[in-house]
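Before any comments, here is the structure.
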Amino acid sequence: MVATAPSHQRVFLPILILLIALAWVTLLVWSVFPGGPPMDHTAAALPHNAPGDVRAAIALLFVAGWTVMTIAMMLPTSLPLIFLFRRVVDHRMDGALLLALLLVGYLLVWVGFGMLAYLADMGLHELVEHRGWLRGSTWVLGVAPLLLAGIYQFTPLKMICLKKCRSPLGFVTSHWHGRRPTVETLRLGLDHGLFCVGCCWSLMLVLFAVGMGQLAWMLVLAIVMAVEKNVPWGRRLTAPLGFTLIGLGLALGISEVIHA
């Protein structure tokens, strides 16, 4: 069923902008007030004998915080694809539903990645707790994400995912045929989320090194990822960014070794 100029055309952009703005405001509040969700290593550093319900509650708070952070940082990087798909479904009565499904599929992938990163962080802290010789070398947990992110900038997988993310038209035309609208839209959101994670996962892990509550780092990384994915000359940023991250990781590691 189709119609001309449905109302969702007029409200979609303001709602999307408001959603992103609210996410950034929430992150700002959490960075100022210590009572916010544990966006740092608080949950992962809990004692191994902490009650299960406490661990579960803090894990849920982390997922909520990660979701807000994803909306603030990653959703803006996918605006070209979102706006393109909006034009494709503008004439449809179910256009609002399809746009919502696109965002849900995209965010589900990033939330899933956040949960995996959280579990990995917990595993690392468990390893440190049970291996006494590691307790004096916890600085490695800060250096490793920087080096990993820098090296990943030069990998073929990074290039493939970045190329996909920089081609929203090809991505939409290869996924959307209109025969099964809801299924195709959800698949479009999920697949785009997978390629977006493949492009930016290592940069998001840098936040585990610098602190998940560091709003300045969040803003810098969000801008860098948006430029790399969407600006015509953004592809030129990939290698300098990789060298910068490797340099920061090596400088931090050398500094820690010298002052050990």
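Kindly indicate whether LEU157 is more than 27 Å from PHE62 (Cα to Cα) and exposed (fewer than 15 other Cβ atoms within 10 Å of the Cβ). Give the steps one after another, and end with the answer.
Details: more than 27 Å from PHE62 (Cα to Cα): yes; exposed (fewer than 15 other Cβ atoms within 10 Å of the Cβ): yes.
Judged against the criteria, LEU157 is a match.
Does segment 241-251 contain any residue that is closer than 20 Å to TRP24 by Cβ and either surrounded by fewer than 18 Cβ atoms within 10 Å (Cβ to Cβ) or at pLDDT below 90 (or both)? Lay out the reasoning, then the answer.
Taking segment 241-251 first, the residues closer than 20 Å to TRP24 by Cβ are none.
No: segment 241-251 contains no residue that is closer than 20 Å to TRP24 by Cβ and either surrounded by fewer than 18 Cβ atoms within 10 Å (Cβ to Cβ) or at pLDDT below 90 (or both).
Here are some residues: ALA72, ALA96, ALA149. Which one is hydrophobic (A, V, I, L, M, F, W, C) and modelled with pLDDT under 90? Even if it seems obvious, please write down each step before you answer.
Details: ALA72 fails: modelled with pLDDT under 90; ALA149 fails: modelled with pLDDT under 90.
From the options ALA72, ALA96, ALA149, the qualifying one is ALA96.
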Check your understanding: When you go through (1) part of a helix (DSSP H, G or I); (2) surrounded by fewer than 17 Cβ atoms within 10 Å (Cβ to Cβ); (3) modelled with pLDDT under 90 one by one for GLY142, which number turns out not to apply?
Key -> (2)
Review point. If ILE223 passes every condition in (1) buried (at least 17 other Cβ atoms within 10 Å of the Cβ); (2) without any contact (Cβ under 8 Å) to a residue 24 or more places away in the chain; (3) among the β-branched types (Val, Ile, Thr) but one, which one does it miss?
Key: (1)
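The values are calculated or read from the model by the stated rules, or taken from the named source; none is laboratory data. Bear in mind the structure is a predicted one, so any value in this text is a computation, not a measurement. Positions of Cβ are generated from backbone atoms using ideal geometry, with glycine treated the same way; all protein chains shown enter the neighbour counts.
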